[in-house]
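Novice: Dropping a structure here in structure tokens format, bear with me for questions.
All of the numbers you see were taken from the coordinates with simple rules; none came from a lab. Predicted, not measured: the structure shown is a model, and the values here were computed from it. Quick reminder, even Gly has a Cβ in these numbers, built from the backbone with ideal geometry, and neighbours come from all protein chains shown.
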Amino acid sequence: MWVIERAEREEIKLFMNYVNLGEVYYIVARELGVVKANEAIAIVKRWDMEFVGVDESIALIVARIKAVHKLSYADVFVVATATDKKGVIVIGDKEFNGVYPDLLWIR
């Protein structure tokens, strides 16, 4: 993953909201089981990434975005975190199109 490599070289800073970390866990657990989910989270937590909690600022950004856009609740945390950190969303999900101005599409 070139994004992870760039973060390791300190060229960019990566952020992930804890809500989205939980989303990774439940998706892997549902598809592959709890053991694989635990392994996936251990891998993600080794990446050079800052994890972001939910505070009042994030919660209100989430509420404003969710009121206007038809994203899932967990996906809104991606947008809220990017908004708060003034970042770029790296995504392959076309649901984000038109919701956030700085998207980097992956396939």
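Let's see how each residue does on (1) out of contact with any helix residue (DSSP H, G or I) (no Cβ under 8 Å at 6 or more places or on another chain); (2) in contact (Cβ under 8 Å) with a residue 12 or more places away in the chain:
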residue	(1), (2)
Leu21	no, yes
Arg46	yes, no
Glu50	yes, yes
Leu60	yes, no
Val68	yes, no
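Novice: Exactly one condition in (1) within 18 Å of Thr83 (Cβ to Cβ); (2) surrounded by fewer than 13 Cβ atoms within 10 Å (Cβ to Cβ); (3) not acidic (Asp, Glu) is false for Asn20; which is it?
Specialist: (2)
Novice: Output the residues belonging to the range 72-97 that are outside any helix (DSSP H, G or I), in contact (Cβ under 8 Å) with a residue 24 or more places away in the chain and within 9 Å of the chain's Cα centre (by Cα).
Specialist: Scanning the range 72-97 gives a single hit, Val90.
Novice: Additional query: Test of understanding: among Ile65, Ile43, Ile27, which residue is β-branched (Val, Ile, Thr), farther than 22 Å from Glu8 by Cα, surrounded by fewer than 17 Cβ atoms within 10 Å (Cβ to Cβ) and under 16 Å from the mean Cα position of the chain (by Cα)?
Specialist: Ile27 is the lone residue from the list that is β-branched (Val, Ile, Thr), farther than 22 Å from Glu8 by Cα, surrounded by fewer than 17 Cβ atoms within 10 Å (Cβ to Cβ) and under 16 Å from the mean Cα position of the chain (by Cα).
Novice: When you check Ile12 against the structure, is it surrounded by fewer than 16 Cβ atoms within 10 Å (Cβ to Cβ) and in contact with a helix residue (DSSP H, G or I) (Cβ under 6 Å, 6 or more places away or on another chain), yes or no?
Specialist: Yes; evaluated as a whole, the condition is true for this residue.
Novice: Consider Val34 carefully, then state whether it is free of Cβ contacts under 8 Å to residues at least 12 places away in the same chain and surrounded by fewer than 11 Cβ atoms within 10 Å (Cβ to Cβ).
Specialist: no
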